[in-house]
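The values are calculated or read from the model by the stated rules, or taken from the named source; none is laboratory data. This is a predicted model, so every value here is computed, not measured. Here the Cβ positions follow ideal geometry from the backbone for every residue, glycine too, while neighbour counts run over all protein chains shown. Ligands, DNA and RNA are stripped out before the accessible areas are found, and what is left, the full protein with its side chains, is counted by its heavy atoms. Shrake-Rupley method; radii C 1.70, N 1.55, O 1.52, S 1.80 Å.
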Amino acid sequence: MDERQSSEEHFVDLGPFQVRTDLAREAHDMALENQEEAESGIPGVEMDETEENGIITSWIRIKDEQGSRELGKVPGLYLTLEVPALRSQDSKLQHRVAVHFAREFSRFLEKAGIGPDTSILVVGLGNWNVTADALGPFVVKHTMVTRHLFQLMPDRVESGYRPVAAISPGVLGITGMETSEIVFGIVEKTKPDAVIAVDALASRALSRVNTTIQVADSGIHPGSGVGNKRKAINRESLGIPVIAIGIPTVVDATTIAHDTVDFVLAHLQREIKQKKPTNPLDPLNRASVKELQSQEILPEDRQRMLGMVGGLDPEEKRQLIHEVLEPLGQNLIVTPKEVDSFIGDMGKLVADGLNVALHEAVTPENVSAHVN
């Protein structure tokens, strides 16, 4: 679904990153886990992270080939918004995130050298027949398109707008054509100045599914997150800047099993620390994900509770689960049961953010008046 890219110009060794992830933020965390001195940072990588009103904003710049090898991503700029509370489907929070996304995406466009009058082609990647993969088509459905107005009635277009076209090209199994071939043909004919590609992603952590938005200027590899990598859509293949926007909607069974083991260990550790016996069904005594993730469990305690498996380090444990499930055909790609409403909510959120960021005349207050 998204990146894990390597082009002829940027060879990336993905050997250490067998777990499927499309998120640069996760790749950064994985690289830090492998660092003996995490405080020293990762060579060739700059990162800045802030938190405001429950929204964690991360800017990661991979500067050179060394940083590219460390993270398993091609050099470029990566913006990540993490909002754990998005799963609550709070409409006020969604509006706040849309406003924040529009502001940060405007900054991203400036850093990428895309000006306010640049013509844009929005490409909604994915299969509209598969809910978890329909994010791109849904965003296109709510994108404000204006290119035809500039061509047919330019004197009627007020200031504050730019030419924007949008397309949902489908997938290889529907069209019989590589998505990159379709996009290349459209770019060759319509000649936009830049492409914004929207796609669903794969994550290596349950906590980031349905809660994270990633923006990257390094292009996109449709299908790579689920092991079905297609031809790249990037600057090298199209000849113009390609900005990728994605939200993780799926994880594989290995990730679910691995995280479940960790949550069980953390729960047992929490129960051991309780001063008196507690009722696990008591709603006032239920731990949050954040609390369980913060539990410190010593290696000897892990081994005592789970035996030999507990003594493995996180990546060894993950690899063991993968080696068991993959030959059996049980390493399924899984999405939460709320995916229907989530795709609708997040597709509208991203589309609103795009419309506000791309058109100066569109604001968070009047965006609903510009689109259906």
* Asked: What about Ile182, is it within 30 Å of Val334 (Cβ to Cβ), in contact (Cβ under 8 Å) with a residue 24 or more places away in the chain and open to solvent by 20 Å² or more (accessible area, probe 1.4 Å)?
  -> no
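So in region 281-309, with the set limited to residues that are assigned to a loop (DSSP other than H, G, I, E, B) and either open to solvent by less than 90 Å² (accessible area, probe 1.4 Å) or hydrophobic (A, V, I, L, M, F, W, C) (or both), which one is modelled with the lowest pLDDT?
Among residues in region 281-309 that are assigned to a loop (DSSP other than H, G, I, E, B) and either open to solvent by less than 90 Å² (accessible area, probe 1.4 Å) or hydrophobic (A, V, I, L, M, F, W, C) (or both), the one modelled with the lowest pLDDT is Leu281.
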* Please indicate, with yes or no, whether at least one residue in region 340-363 is more than 24 Å from Val83 (Cα to Cα) and open to solvent by 60 Å² or more (accessible area, probe 1.4 Å). => yes
* From the residues in region 290-313 that are among the aliphatic types (A, V, I, L, M) and more than 18 Å from Ser207 (Cβ to Cβ), which one is nearest to the chain's Cα centre (by Cα)? -> Leu312
* **Pick from region 57-85, criterion within 27 Å of Ser368 (Cβ to Cβ) and open to solvent by 10 Å² or more (accessible area, probe 1.4 Å), ranking: nearest to the chain's Cα centre (by Cα)** => Glu82
* To do: Determine which single condition Pro327 fails, assuming it passes every other condition in (1) at pLDDT 80 or above; (2) open to solvent by less than 60 Å² (accessible area, probe 1.4 Å).
  => (2)
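The rows are residues; the columns are (1) at pLDDT below 95; (2) open to solvent by 20 Å² or more (accessible area, probe 1.4 Å); (3) part of a loop (DSSP other than H, G, I, E, B); (4) not polar (S, T, N, Q).
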{"position": "Pro192", "(1), (2), (3), (4)": "no, no, yes, yes"}
{"position": "Ala197", "(1), (2), (3), (4)": "no, no, no, yes"}
{"position": "Ser207", "(1), (2), (3), (4)": "yes, yes, no, no"}
{"position": "Val250", "(1), (2), (3), (4)": "yes, no, no, yes"}
{"position": "His267", "(1), (2), (3), (4)": "yes, yes, no, yes"}
